[in-house]
Amino acid sequence: MKRVVPRVTGRSLHSDTDESPGWGPAGHRPAGVAGPALRAVGLTRVYGEDESLVWAVDGVDLDVPAGQTLAVTGPSGCGKSTLLQLLGGLDRPTEGEVWLGGRRIDHLGERALARLRRRSVGFVFQAYHLMHELSAAQNVELPALLAGASPRAARRRAAELLQQVGLAGRARHLPSELSGGQRQRVAVARALANDPLVVLADEPTGNLDSAATRDILRLFDELRAAGQTLVMVTHDERVAATADRVVSMRDGTLADDTRLDGDGRGTRHGHGGGTGLGALLRWED
Ligand SMILES: Nc1ncnc2c1ncn2[C@@H]1O[C@H](COP(=O)(O)OP(=O)(O)OP(=O)(O)O)[C@@H](O)[C@H]1O
Ligand SMILES: [Mg+2]
């Protein structure tokens with residue numbers, strides 16, 4: 001297939017003055033940005049060469065409106081993680097486009113892309129990916145420091161976020177001194193440190209028991225109420241049922257696109273919306 005080499009420009013998504021602290025929608029949409037928070041157009045990622053080509057993501061078109069919680073499901077190897085990495089600028093498409101907050105990001109240069117990831121995307125991974133030698137608070141401070149915040153501002157923001165995820169009393173603990181659910185809550189706090197346009201979560205509850213899963217979903221529900229755009233990859237139907245919308249992937253393509261109503265029931269291509277968290281909590285009772 002024809003390979004398209006991404007063009008490199010020095011443009012970055014944000015000015016230096018558009019950061020805004022807080023847990024809420026205020027900072028999530030730069031003034032004047034219209035359209036979806038996240039958009040993929042003909043997104044394609046091919047691994048390998050010659051005989052062994054793998055179309056991990058194969059021509060995906062996807063719009064995620066600001067404030068939407070989207071779950072991506074599908075069998076192992078269908079391309080979910082690859083799609084998420086492309087959407088967050090962790091990987092580059094072979095073909096197609098990624099737009100974040102109304103700006104095209106797939107052809108940004110390395111430095112601009114790294115800067116954009118730090119400031120505009122919050123990642124949450126199944127395996128937490130916390131820094132082992134740093135305390136919970138230091139882990140949450142780090143992205144703000146890397147984005148140029150003063151140590152004082154970073155400390156204040158971390159304290160605020162740890163409070164919001166219910167871990168104010170664990171700020172000085174190392175990750176090894178925390179439970180899996182607590183580690184993942186630290187990871188969520190870290191993802192929010194720079195008030196990102198989107199939070200991208202890859203199997204965020206994959207290592208958690210049902211009580212810890214509920215904690216994370218409660219947090220996500222608070223984020224949704226605050227207007228945070230969230231895309232999560234999950235194998236867990238109960239987790240997917242808490243989203244506003246579920247897309248399922250098959251062999252690198254989007255096979256289904258369903259809006260959920262408040263009970264986790266689906267309406268394909270409909271306009272339901274609302275929270276499905278109630279459904280999960282009922283199942284767990
Ligand atoms: N770095 C890589 N090099 C070659 N092939 C890869 C690479 N990463 C992923 N793939 C292939 O791309 C396809 C999609 O992988 P991906 O990790 O996106 O799947 P997934 O849906 O996230 O699976 P899982 O549910 O198991 O996490 C798979 O066939 C995988 O083997
Ligand atoms: Mg995966």
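FYI, it's all coordinate maths here, none of it is from the lab. From a predicted model like this one, the values you see are computed outputs, not experimental measurements. Cβ sites come from the backbone with ideal geometry, for glycine too, and all protein chains shown count toward neighbours.
Just the residues that are buried (at least 21 other Cβ atoms within 10 Å of the Cβ), over 12 Å from the mean Cα position of the chain (by Cα) and away from ligand 2 (no atom under 16 Å from the Cβ), please, taken from the stretch 216-244. Selection gives ILE216, LEU217, ALA241, THR242, ALA243, ASP244. With the condition kept exactly as written, say whether any residue in the stretch 119-130 is of a type outside the set (Ser, Thr, Tyr), in contact (Cβ under 8 Å) with a residue 12 or more places away in the chain, part of a helix (DSSP H, G or I) and under 29 Å from LEU43 (Cβ atoms). Scanning the stretch 119-130, I find at least one residue that is of a type outside the set (Ser, Thr, Tyr), in contact (Cβ under 8 Å) with a residue 12 or more places away in the chain, part of a helix (DSSP H, G or I) and under 29 Å from LEU43 (Cβ atoms), so the answer is yes. Residues in the stretch 224-255 that are over 19 Å from LEU100 (Cα atoms) and among the polar types (S, T, N, Q): THR234, THR242, SER248, THR253. Pairing residues of the stretch 59-82 that are over 13 Å from ARG39 (Cα atoms) with residues that are of a type in the set (D, E, K, R) and within 9 Å of ligand 2 (Cβ to nearest atom), at Cβ distances under 8 Å and at least 6 apart in sequence or on separate chains, gives VAL72/LYS80; THR73/LYS80; GLY74/LYS80; LYS80/ASP202; SER81/ASP202. Mind listing whichever residues of the stretch 81-136 are under 18 Å from ALA189 (Cα atoms), among the small types (Gly, Ala, Ser) and over 13 Å from the mean Cα position of the chain (by Cα)? Across the stretch 81-136, the qualifying residues are ALA127, SER135, ALA136.
Scanning the stretch 193-215 for residues that are under 23 Å from GLU160 (Cα atoms), part of a loop (DSSP other than H, G, I, E, B) and away from ligand 2 (no atom under 16 Å from the Cβ) yields ALA193, ASN194, ASP195, PRO196, LEU197. The number of residues in the stretch 79-118 being assigned to a loop (DSSP other than H, G, I, E, B), within 16 Å of ligand 2 (Cβ to nearest atom) and surrounded by 23 or more Cβ atoms within 10 Å (Cβ to Cβ) comes to 2. Taking the stretch 65-103 as the range and being among the polar types (S, T, N, Q) and either away from ligand 1 (no atom under 15 Å from the Cβ) or in contact with a Ser or Thr (Cβ under 9 Å, 6 or more places away or on another chain) (or both) as the test, the residues that pass are GLN68, THR69, THR73, THR94.
Residue check: SER120 meets all listed conditions (1) in contact with a helix residue (DSSP H, G or I) (Cβ under 9 Å, 6 or more places away or on another chain); (2) of a type outside the set (D, E, K, R); (3) under 30 Å from GLY96 (Cα atoms) but one, namely (1). Collect the residues in the stretch 66-78 that are of a type outside the set (S, T, N, Q) and within 16 Å of ligand 2 (Cβ to nearest atom), keeping them in residue-number order. LEU70, ALA71, VAL72, GLY74, PRO75, GLY77, CYS78 - these are the residues of the stretch 66-78 that are of a type outside the set (S, T, N, Q) and within 16 Å of ligand 2 (Cβ to nearest atom).
Is it true that some residue in the stretch 203-218 is in contact with a strand residue (DSSP E or B) (Cβ under 7 Å, 6 or more places away or on another chain) and within 16 Å of ligand 1 (Cβ to nearest atom)? There is at least one residue in the stretch 203-218 that is in contact with a strand residue (DSSP E or B) (Cβ under 7 Å, 6 or more places away or on another chain) and within 16 Å of ligand 1 (Cβ to nearest atom).
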